[in-house]
Amino acid sequence: MRDSALAALAAVLLWTVLTLLILPQERSAADRLSVPVQSGAAETEIPLQSEALLAAAEETSFDVAYQLAVLTQDSVQTMELHSYLTGVLLAEMPVSFGEEALKAQAVACRTYTLGRCRNSRHPEAAVCTDSCCCQAWTDPAEAPPDARKQAEDAVSATDGLVLLYQGALIDATFFSCSGGRTEDAAAVWGSDLPYLKAVESPGEEDAEHFSEEHRIPLDEFCAALETLDGEIHFSGDPGSWLEAVHYTAGSGIASMTLCGRAFRGTALRKAFSLRSTRFTLSLREEEAVFASKGNGHRVGMSQYGAAAMARAGNDYEAILKWYYRGVELARADSCCALP
């Protein structure tokens with residue numbers, strides 16, 4: 001318990017330093033509003049535009065007016081965006097992560113959803129409820145009343161707010177835990193998106209899969225590499241097989257050279273079912289040992305990192321602008337017409 005408390009205190013202090021030193025440098029004087037936000041032990045001024053936006057949201061609910069078709073396991077259902085987002089929050093983030101983290105998640109999910117409505121993967125619906133394809137979703141009516149209310153409140157408090165980069169909806173990707181630093185989009189998907197850049201993400205140590213070890217029998221390890229590259233040949237001491245490692249901006253594995261053959265970190269992660277591309281590899285006589293950090297693709301917003309920022313006193317806009325660089329918060333009706 002003492003180590004956990006010290007880790008939490010360290011995270012609060014680190015977020016305070018990052019907020020004070022970095023965020024103020026990334027905005028112009030024209031972007032500033034005189035709205036103090038408590039960040040750890042000190043107050044600092046961050047770029048807030050949401051007061052006017054939220055006032056406009058109170059006049060008319062974009063989320064209630066916007067209807068979308070959702071492909072569930074059983075059927076295609078037409079529902080209000082408000083109800084859909086409430087179900088997404090309940091499925092994607094524990095309500096225990098805190099009010100501001102939930103609000104940040106609501107904005108990210110709304111942005112992602114409206115992007116999918118424009119470019120759906122499903123001919124019969126805008127989105128589905130499969131987390132591997134779109135976003136997870138659970139029926140709010142089946143959730144505990146207290147949890148449902150917290151999710152609904154987060155959606156209502158950010159009604160109609162989305163993230164834009166140069167006037168267009170961003171690809172608001174998110175994931176569970178970065179292991180301490182997020183990743184560039186280009187390192188994972190090959191496309192360089194200026195708002196999806198690697199950033200520090202402290203305070204995640206309480207995440208279930210912050211770090212873990214994965215042991216594989218050496219013959220299975222060799223067989224998997226042969227599947228990836230039929231030209232690879234193994235000889236000599238296994239400890240000599242690992243020849244070179246190149247890292248990404250997010251401290252993940254860009255490529256790893258084994259027995260003279262180069263393998264992308266993303267390919268190794270998939271082949272060995274690793275939690276992330278942030279890992280190390282040790283080769284022994286009878287086994288290969290992967291030690292990984294983080295859980296997910298690590299691009300965009302870390303949910304455990306968002307919870308840590310919220311605990312440190314940051315509001316949802318500060319959280320979003322930390323993980324999505326150079327974005328603006330705007331009303332969806334400024335860029336998305338009602339269907």
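Laboratory data are not the source of any read-out in this text; all were calculated from the coordinates shown. Model, not experiment: these values are computed from the prediction. Backbone-built Cβ (ideal geometry, glycine too); neighbour counts: all protein chains shown.
At most 16 other Cβ atoms within 10 Å and a DSSP loop assignment: could you name the GluC sites (Glu not before Pro) in the stretch 263-339 that fit? Those that pass, being in a loop and sparsely packed, are GLU285, GLU286. Each peptide in 83-96, 130-143, 107-120 receives the mean, over its residues, of other Cβ atoms within 10 Å, and ordering these scores from highest gives 83-96, 107-120, 130-143.
If both residues of a DSSP beta bridge must be in the stretch 59-163, then about 75% of such bridges are antiparallel. Taking each residue as 0.36 nm, the span from THR227 to THR72 lengthens on full extension beyond its C-alpha to C-alpha distance by 52.3 nm.
Annotation: average projected area of the stretch 211-293 is 4.7 square nanometres, based on the convex hull of Cα atoms across all directions. Length gained on full extension, ASP139 to CYS335: 67.7 nm, using 0.36 nm per residue less the C-alpha separation.
In this rough spin-label picture, where each label sits 7 Å from Cα along the Cβ direction, the TRP189-ASP146 distance is 3.7 nm.
Taking each of LYS103/LYS321; LYS149/LYS197; LYS149/LYS321; LYS293/LYS321; LYS197/LYS293 in turn, the alpha-carbon distance tops 22 angstrom for LYS149/LYS197; LYS149/LYS321; LYS293/LYS321. With a Förster radius of 22 Å applied to the beta-carbon distance between PHE234 and GLU212, the computed FRET efficiency rounds to 0.25. Length available on full extension from ARG264 to TYR247: 0.36 nm per residue minus the Cα-Cα distance, which gives 5.1 nm. Taking label points 7 Å from Cα along the Cα-to-Cβ direction, SER131 and ARG325 give a separation of 2.8 nm.
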